[in-house]
Amino acid sequence: MIDTDSFPPGSGTSIVAADVVRGVSRLFARNGIWCLPEMMLRNGRRADLMGVDARGQVILVEIKVSRADLLGDGKWTDYLEFCDRFYWALPPTLERAPLETEAFLPDSCGVIVADGYDAEILRPAPLRQMAAARRKVEVERLARAALRRLVVSADPETQKWDRES
């Protein structure tokens, strides 16, 4: 679960994960990347955001809003095999220095800073190309999840027939 605690005392900021999701989603939409929050991966992990760009590349975003959540996350490397690009997304007031250490593989991960209104890529995520067959599976899974959510939001009764959730 995403830690939605506020920032250090005295920072004057209490951005929660939903704000970061909104900011990143706006940035991505402007750049032709459409994403879905809370996407389950085939290994049982849940990506905070999973999206697809115009070239069909899969992008995953892990959102952290507190230092404790960032430093305590030991599972994030499990996401790398399910994307072509991986980003960390943080609120502007959260210290980013840990993301520069080898434990966070800075040569493999991008960094986005976001609030509830917008976001900015501080470090682009390098391309770590997935095998075409795996990408096809992940894009199809993402499409089906998005369609399922759309249909259920329009007609909640349809959820009783959902065999994939």
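Just so you know, all these numbers are worked out from the coordinates, no wet-lab data involved. All values reported here derive from a predicted model rather than from experimental measurement. FYI the Cβ positions are ideal-geometry reconstructions off the backbone, even for glycines, and counts take in every protein chain you see.
A few points about this structure:
- Gained length - Asp73 relative to Arg26, 0.36 nm times residue gap less alpha-carbon distance: 14.4 nm
- Only Cα sites of the chain enter the Debye sum here, all with the same form factor; the resulting log10 I(q)/I(0) across q = 0.08, 0.17, 0.19 1/Å is -0.24, -1.04, -1.26, listed in q order.
- Taking Asp78, Asp115, Asp84 and counting other C-beta atoms within 10 Å, the order from fewest to most: Asp78, Asp115, Asp84
- The chain: angle of helix 132-154 to the longest principal axis, Cα-based, in degrees nearest 10: 80 degrees
- Extension gain (nm, one decimal) between Ala133 and Lys160, 0.36 nm per residue minus Cα-Cα: 6.6 nm
- Comparing Arg149, Arg141, Arg67 in a Gaussian network model of the chain where C-alpha atoms under 10 Å apart are linked, the largest mean-square fluctuation is found at Arg149.
- Sites Ala97 and Asn43, calculated FRET efficiency, Cβ-Cβ separation with R0 41 Å, nearest 0.05: 0.90
- With the simple model of a label 7 Å out from the Cα in the direction of the Cβ, Asp118 to Ala54 spans 2.1 nm.
- Highest-MSF residue in the chain out of Asp53, Asp155, Asp73 [GNM, Cα springs under 10 Å]: Asp155
- Nearest-ten-degree value, helix 17-30 long axis tilted from longest Cα axis of the chain: 70 degrees
- Choice from Ala18, Ala154, Ala47 showing the highest fluctuation, given a GNM over the chain with Cα pairs closer than 10 Å: Ala154
- Calculated mean residue ellipticity at 222 nm for the chain: -8000 deg cm²/dmol, from DSSP H runs with n ≥ 4 weighted as -39500 (n - 2.57), summed, divided by the residue count and rounded to 500.
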